[in-house]
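Q: To start, I am sharing the structure in question, which I have written as structure tokens.
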Amino acid sequence: MSDESPAERAAFLREELNRHNRLYYVEARTEISDQEFDALLRELQEIETAHPELITPDSPTQRVGGAPIEGFTQIRHSVRMMSLDNTYSEEEMTAFFARVQKGLGREKVACVVEPKVDGVAISIRYEDGQLKHAVTRGDGTVGDDVTSNVKTIRRLPLKLPTSSPQTFEVRGEVFMTKEGFAKLNDERDEAGEARFANPRNATAGTLKQLDSRIAARRPLDIVFYGLASAEGINVESQSEVHQLLDDAGLRKADLVWRTDSAEGILEAIRDLDSKRKSLPYETDGAVVKVDAFGDQRELGETSKAPRWAIAYKYQAEQAITQLLSVDIQVGRTGALTPVARLTPVFLSGSTVSNATLHNFEEIARKDIRIGDTVVIEKAGEIIPAVVMVKKEMRTGTEAPVPVPTACPVCQTEVRKDEEQVVLRCPNPQCPEQVKRRMEHFVSRGAMDLRGLGESVVAQLVDLGLVKSVSDLYQLDELTLTRLERQGTKSIQNILKAIEDSKKQDPWRLLFGLGILH
Ligand code: IVH
């Protein structure tokens, strides 16, 4: 190693890091630990800092984001990015297949059915095997160059294997996994920032960031479904595109069906519907494509969409109910979130009596009033939200939702956050905020103080026994006898849990304190 030049060592590290990245994301296995990976990455960073001329575009160090830019440059797509026609019923789907049969003059037509990933469309071009640019759809002809944001996606290879077409333009969808999205929103709560409404909004917002270091911290992911061009090879079907993507280490949709009849297509659509909840990303439909490119060419396209493909959109799971009242929840950081209390209604597997209204701006924008008949929606595992008002059902007795000027709990005058969206109680001693902070502190992911559930925390705060987490460690048996419904045994358990928590790992304490930013 000692007689290796910095250029040689950098090249070695780049290859190694890219190889480990590929192993992890494509083959789902690892040869080294995260720490070892980070150590190699740091070594490469150090060499590049000392010798900036050694930085290459495919260096894994380029994924961390760079200096903010003024605005996005526009790039013309080499092949137009079309959208798809939508259908919402099995009859329309059957009619689509009948048009295809008629157009091709035969009964059996091989088709593929893929999940319709609910993210943001992207076109990615590789030249000489290196990632050249990533462009949003824009108007289908020109889009925004969002390369620096897209490069932060660790699953995306910055360099293709030599066996793949070296000039290669592929189409796919950038998204956030359901899990990554939930975590991001939790972190935003923690930091006192506004929550994103859904993974697609969060993804679109992230791709529009002028500072790619922000994108680097967001859980973006990518999946591919199409080809714009591939140099030097003949690709003759969508099935071959799937194979080509696989070989290039570009992730394609996890589920694909192949069929040649209308009934087969409908079965695939129903099968996807039963499986899509367990996919890591949100899907809003199925895309049906005629498989053979020859057939696709014969069918052609309209001015906006191909005649050889169609999107079947699943009904978003919605229900109609009455908005009875609006409560205000005070979060750990003082953010005031309006919550709709509803006439209980059954929605995709459970009875729903509360839904989020996000914030007061949303209420104004959707003109939601108390007493309204509202449509609520549940997307994936996300808590239900009020999506719209049935204005035609108004009787005139509906009342506007009052915007609070004071915290409903401690009466401190509220403030708007910098983004002017979230209302906040600025009083850190607000009993509600203290409760939320305590609940976080004792939660399983933090100090894991069993026996200190929500009701005990509420009583401790309401009785003035604790004002901050440090007060927990002053509690004794006599004080705890003031709690309702807690016998000697549970009091002993609480004291033991508090005592045991002193031995918890330091990271649990640090996380439990929930320090802003
Ligand atoms: S094919 C000409 N396949 O849905 C064919 N699109 O409304 C164009 N999408 O812009 C698209 N999953 O962003 C195709 N498996 C899939 C897809 C998919 C998601 C998105 C894509 C497209 C939009 C069409």
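The values are calculated or read from the model by the stated rules, or taken from the named source; none is laboratory data. Fair warning: this is a prediction, and the values are worked out from it, not measured in the lab. So basically every Cβ, Gly included, is an ideal-geometry build from the backbone, and we count neighbours across all protein chains shown. All accessible areas refer to the heavy atoms of the entire protein, side chains included, with ligands and DNA or RNA removed. Shrake-Rupley method; radii C 1.70, N 1.55, O 1.52, S 1.80 Å.
Q: Enumerate the amide H contacts of L227 below 5 Å, restricted to partners 5 or more residues apart or on another chain; note that Pro and chain-start residues carry no placed amide H.
A: R171
Q: Taking the Cα centre of the chain as origin and charging only Cβ (+1 Lys, Arg; -1 Asp, Glu), how large is the dipole, in debye to the nearest 20?
A: 1220 debye
Q: Quickly estimate the mean residue ellipticity at 222 nm for the chain, helices only: each DSSP H run with n ≥ 4 gives -39500 (n - 2.57), and the total goes over all residues, rounded to 500.
A: -10000 deg cm²/dmol
Q: I've got another one for you. Tell me the Kirkwood hydrodynamic radius of the stretch 91-199 in angstroms, computed as one over the mean inverse distance between distinct C-alpha pairs.
A: Evaluated on the stretch 91-199, it is 17.5 Å.
Q: Let me ask you something else. Under 5 Å between amide hydrogens, which residues at least 5 positions from H133 or on another chain qualify, with H placed 1.01 Å from N in the peptide plane?
A: R125
Q: What distance in nm separates the simple spin-label points at L495 and L478, each placed 7 Å from Cα in the Cβ direction?
A: According to this spin-label approximation, the distance is 1.2 nm.
Q: Another question, then. For the stretch 4-104, how big is the tail of P(r) above 16 Å, as a whole percent of Cα pairs?
A: 72 percent
Q: What's log10 of I(q)/I(0) for the chain at q = 0.09, 0.11, 0.12 Å⁻¹, Debye sum over Cα points only, no solvent?
A: Taken in order of the listed q values, log10 I(q)/I(0) reads -0.84, -1.14, -1.25.
Q: Would you be so kind as to identify which of S163, T412, L449 lies farthest towards the positive end of the dipole of the chain, taking Lys and Arg as +1 and Asp and Glu as -1 on Cβ and the Cα centre as origin?
A: Of S163, T412, L449, it is T412.
Q: While we're here: Report, to one decimal in Å, the Kirkwood hydrodynamic radius for the stretch 84-154 based on all distinct Cα pairs.
A: One over the average 1/r among Cα pairs gives 15.6 Å for the stretch 84-154.
Q: In the chain, what cysteines have no partner Cβ closer than 4.7 Å?
A: C111
Q: Counting pairs of Cα atoms in the stretch 139-228, how many percent are more than 15 Å apart?
A: Counting every Cα pair in the stretch 139-228, those more than 15 Å apart make up 64 percent.
Q: Please list the equivalent ellipsoid semi-axes of the stretch 266-332, computed as the square roots of five times the alpha-carbon gyration tensor eigenvalues, in descending order and whole angstrom.
A: Semi-axes (√(5λ), whole Å): 39, 16, 13.
Q: May I pose another question? Taking the Cα centre of the stretch 196-292 as the origin, how large is its charge dipole in debye, to the nearest 20, when only Lys and Arg (+1) and Asp and Glu (-1) carry charge on their Cβ atoms?
A: Charge dipole, the stretch 196-292, about its Cα centre: 720 debye, nearest 20.
Q: Please state, to two decimals, what the Cα-based radius of gyration of the stretch 398-517 comes to when divided by 2.2 N^0.38 Å (N = residues).
A: 1.24
Q: Still on this model: Can you work out the accessible area per residue across the stretch 137-234, with the rest of the protein chains kept in place, probe 1.4 Å, in square angstrom?
A: Value returned for the stretch 137-234: 41 Å² of accessible area per residue.
Q: What range in the chain is the longest one free of GluC sites (Glu not before Pro) that are in a loop by DSSP and have at most 15 other Cβ atoms within 10 angstrom?
A: It runs 237-380.
Q: When the Cα centres of the stretch 358-380 and the stretch 206-249 are compared, how far apart do they sit, in Å?
A: Here the two parts' Cα centres lie 36 Å apart.
Q: Based on the Cα coordinates of the stretch 208-326, what is the per residue volume of their convex hull in Å³?
A: 231 Å³
Q: Same structure again: Please calculate how many Å² of accessible area the stretch 40-103 carries per residue, with a 1.4 Å probe and no DNA, RNA or ligand atoms counted.
A: Ligands and nucleic acids excluded, the figure is 60 Å² per residue.
Q: Does the stretch 222-286 come out rounded, prolate or oblate, given a ≥ b ≥ c as the square roots of the eigenvalues of its C-alpha gyration tensor, rounded meaning a/c under 1.5 and, failing that, prolate meaning a/b above b/c?
A: oblate
Q: For the chain, which whole percent of the accessible surface, found with a 1.4 angstrom probe, sits on carbon and sulfur atoms?
A: C and S fraction of accessible area: 50 percent.
Q: Percent relative contact order of the stretch 3-73, based on C-alpha pairs within less than 8 angstrom and at least six residues apart?
A: This gives 36 percent for the stretch 3-73.
Q: Next question, about the same structure. Quick one: longest stretch of the chain between exposed loop chymotrypsin sites (Phe, Trp or Tyr not before Pro), exposed meaning at most 14 other C-beta atoms within 10 Å and loop per DSSP?
A: Of all site-free stretches, the longest is 89-472.
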